[in-house]
Amino acid sequence: AVPLLKPNKKDKRLIEARLLGSILGDGWLSTNGKLVGFSGKGNNKDLEKIKEDLAELGFKSSSIHTKKTKSSIESVKGKVAYVNGSSSSITSSTKAWKHFKKLGAPVGTKVLVESKMPSWILKGSKEIKCEFLAGLMGADGYTMSRNVNIPSDFNPIRLSFNKIDSLEKNAFDFAKSLKKIFQDVGVKLSNICKRPGNIRKDGNKTFKIQITLAKSIDNTIRYLENIGYRYCEKKE
């Protein structure tokens, strides 16, 4: 039996790993060196867990800020989609900014800057790699869904991230380093591919890297048992 919600281990290195994974997904480090931010998925309990982990590392964080959002997204094919929603976020201090920058978190808008896998994650223990991946999957990973055409079948679990066109080589290099980490903890990937992206307000064209986990039941169970999702109760 696997618990629906795994307790977050309080070892400081594991906390750093899963928070770094979350920053690479939904978080950010401001360019002015003052703030580390984390975005929620509509459930404030998720951000409360992040606040607890930041406190374990000795960092204070803001109260949860929620706002309504309106945005338009233009695809590279020229189609425009209008999206209304709400977002929640918290921020932490300059002290936290310096800490996570030292741990290898990217500074600025992630789609515009290179992604590099920190060596302490690549060379870390199985537990460190699992917590890092769980934080990343909680932010940018997909959950299983039923196959529309074959109701008795399910779709594979995926992970995706976006980059501007000029960073294509870096994006694939980063995806390969993710593949190695997944393999190190016993989870196989079936595919890494490039998908069409959008046109940003600054005019830059983007593309999406989509990483697909092998769909076998054994591989899916290994993923759910060893990695799973952090900071996203809905996905858990």
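The values are calculated or read from the model by the stated rules, or taken from the named source; none is laboratory data. Everything quoted here is computed from the prediction, not taken from an experiment. Cβ coordinates were reconstructed from backbone atoms using ideal geometry, including for glycine residues, and neighbour counts include every protein chain displayed. Each accessible area value is taken on the protein alone, full model and side chains, heavy atoms only, with ligands, DNA and RNA left out. Shrake-Rupley method; radii C 1.70, N 1.55, O 1.52, S 1.80 Å.
Summary table below
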{"quantity": "Conditions (1) in contact (Cβ under 8 Å) with a residue 60 or more places away in the chain; (2) among the β-branched types (V, I, T); (3) in contact with a strand residue (DSSP E or B) (Cβ under 7 Å, 6 or more places away or on another chain): number failed by T212", "calculated": "(1)"}
{"quantity": "Residue list for region 92-137, filter: closer than 15 Å to G25 by Cα and polar (S, T, N, Q)", "calculated": "T109, S115"}
{"quantity": "Filter result (in contact with a strand residue (DSSP E or B) (Cβ under 7 Å, 6 or more places away or on another chain), crowded, with 16+ Cβ neighbours inside 10 Å and not charged (D, E, K, R)) within region 175-203", "calculated": "A175, L178, F182, V187, L189, I192, G197, N198, I199"}
{"quantity": "Cβ pairs under 6 Å, 6+ apart, first in region 86-105 and over 22 Å from C232 (Cα atoms), second in a strand (DSSP E or B) and open to solvent by 50 Å² or more (accessible area, probe 1.4 Å)", "calculated": "none"}
{"quantity": "Matching residues in region 117-129 - criterion: being over 12 Å from L20 (Cα atoms) and in contact with a helix residue (DSSP H, G or I) (Cβ under 9 Å, 6 or more places away or on another chain)", "calculated": "L122, G124, S125, K126, E127"}
{"quantity": "Output for region 137-154, where each listed residue is open to solvent by 60 Å² or more (accessible area, probe 1.4 Å) and among the aliphatic types (A, V, I, L, M)", "calculated": "M144, V148, I150"}
{"quantity": "One residue from K95, K169, K188 being farther than 20 Å from R18 by Cα and in contact with a Phe, Trp or Tyr (Cβ under 8 Å, 6 or more places away or on another chain)", "calculated": "K188"}
{"quantity": "Subset of region 215-236 (residues that are free of Cβ contacts under 8 Å to residues at least 60 places away in the same chain and either within 18 Å of A139 (Cβ to Cβ) or open to solvent by 20 Å² or more (accessible area, probe 1.4 Å) (or both))", "calculated": "S216, I217, D218, I221, R222"}
{"quantity": "Scope region 82-105; condition over 11 Å from F59 (Cβ atoms) and out of contact with any strand residue (DSSP E or B) (no Cβ under 7 Å at 6 or more places or on another chain); matching residues", "calculated": "K102, L103, G104"}
{"quantity": "Extreme residue, surrounded by the most Cβ atoms within 10 Å (Cβ to Cβ), among residues of region 106-134 that are within 16 Å of A175 (Cα to Cα) and of a type in the set (G, A, S)", "calculated": "A134"}
